[in-house]
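Presented below is the structure to which this report refers.
Just so you know, all these numbers are worked out from the coordinates, no wet-lab data involved. Keep in mind that this is a model prediction, so the values were computed, not measured. Cβ placement follows ideal geometry from the backbone for every residue including glycine, while neighbour counts extend to all protein chains displayed.
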Amino acid sequence: KAGVTQTPRYLIKTRGQQVTLSCSPISGHRSVSWYQQTPGQGLQFLFEYFSETQRNKGNFPGRFSGRQFSNSRSEMNVSTLELGDSALYLCASSPSSSYNSPLHFGNGTRLTVT
Amino acid sequence: QKEVEQDPGPLSVPEGAIVSLNCTYSNSAFQYFMWYRQYSRKGPELLMYTYSSGNKEDGRFTAQVDKSSKYISLFIRDSQPSDSATYLCAMNSNFGNEKLTFGTGTRLTIIP
């Protein structure tokens, strides 16, 4: 079974630009979560989508948004990029939105903002 | 203060040693506890999953949860160079809006 696929693997953007990251979950998984990973803060929850609806949202500004399509694929968008947005962005899928449903992560998109 | 605290290391041990990795937490509502392993330039992969207090063993790995002390541990027996990675603890409750709350990770190196 194919794992979680994230594209692109690496991105370099300049301040003020916007970026879109893509995630394809494991086949059959309907929940997709996004996390930001930085050396200082570790993994921080961005948001979760289930059946095209945002179920939960972390403590990030409105510049961070996402969506999920009918095939469960998900995208996240960051507008007006700041230097502090440089991070590894991880997508994870799980079969359900249940709180005890383990997450399966992709290998991430490394975003560098200059 | 963070909800989950984890010693960032780095931790270096010789091959064959027993490794102990630990996390403490402050939210008494946490009931589900996980350990993830993350290799360099890879995403985290689920290693162990436990519910409430107690021990769980899987091969060379043992996870322990002590809810009274708000303390969880991962033990690795007969450590191998392939165990070199960053280990992340994660946990959540059955309510709250976060999927999982993670520790910052401990970087482990097994020296051949």
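So which of A:SER97, A:SER79 is among the polar types (S, T, N, Q), over 18 Å from A:ARG63 (Cβ atoms) and either touching a residue at least 40 places away in the same chain (Cβ under 8 Å) or away from every other protein chain (no Cβ under 11 Å) (or both)?
Values: A:SER79 fails: over 18 Å from A:ARG63 (Cβ atoms).
Of the residues listed, the single one that is among the polar types (S, T, N, Q), over 18 Å from A:ARG63 (Cβ atoms) and either touching a residue at least 40 places away in the same chain (Cβ under 8 Å) or away from every other protein chain (no Cβ under 11 Å) (or both) is A:SER97.
Considering B:LYS99, B:LYS67, the condition of being out of contact with any Leu (no Cβ under 6 Å at 6 or more places or on another chain) and within 11 Å of chain A (Cβ to nearest Cβ) is satisfied by B:LYS99 alone.
Filter region B:53-65 for residues that are in contact with a strand residue (DSSP E or B) (Cβ under 7 Å, 6 or more places away or on another chain) and over 10 Å from B:PHE33 (Cα atoms) and give the result.
B:GLY54, B:ASN55, B:LYS56, B:ASP58, B:ARG60, B:PHE61, B:THR62
Scanning region A:102-114 for residues that are more than 8 Å from chain B (Cβ to nearest Cβ), crowded, with 16+ Cβ neighbours inside 10 Å and not basic (Lys, Arg), we see that the one that is nearest to A:GLN6 (Cα to Cα) is A:THR109.
With the condition kept exactly as written, say whether any residue in region A:22-30 is without any contact (Cβ under 8 Å) to a residue 60 or more places away in the chain, out of contact with any strand residue (DSSP E or B) (no Cβ under 8 Å at 6 or more places or on another chain) and of a type outside the set (A, V, I, L, M). The answer is yes, given that some residue of region A:22-30 is without any contact (Cβ under 8 Å) to a residue 60 or more places away in the chain, out of contact with any strand residue (DSSP E or B) (no Cβ under 8 Å at 6 or more places or on another chain) and of a type outside the set (A, V, I, L, M). Residue-level check: of (1) within 10 Å of the chain's Cα centre (by Cα); (2) more than 8 Å from every other protein chain (Cβ to nearest Cβ); (3) closer than 19 Å to A:PRO8 by Cα, A:LEU90 misses just (2). Counting only residues that are farther than 12 Å from B:LEU88 by Cβ, within 15 Å of the chain's Cα centre (by Cα) and not aromatic (Phe, Trp, Tyr), region B:16-38 holds 6 of them. Number of residues in region B:70-96 that are assigned to a strand (DSSP E or B) and either at the interface with chain A (Cβ under 10 Å from one of its Cβ atoms) or within 24 Å of B:GLU3 (Cβ to Cβ) (or both) equals 13.
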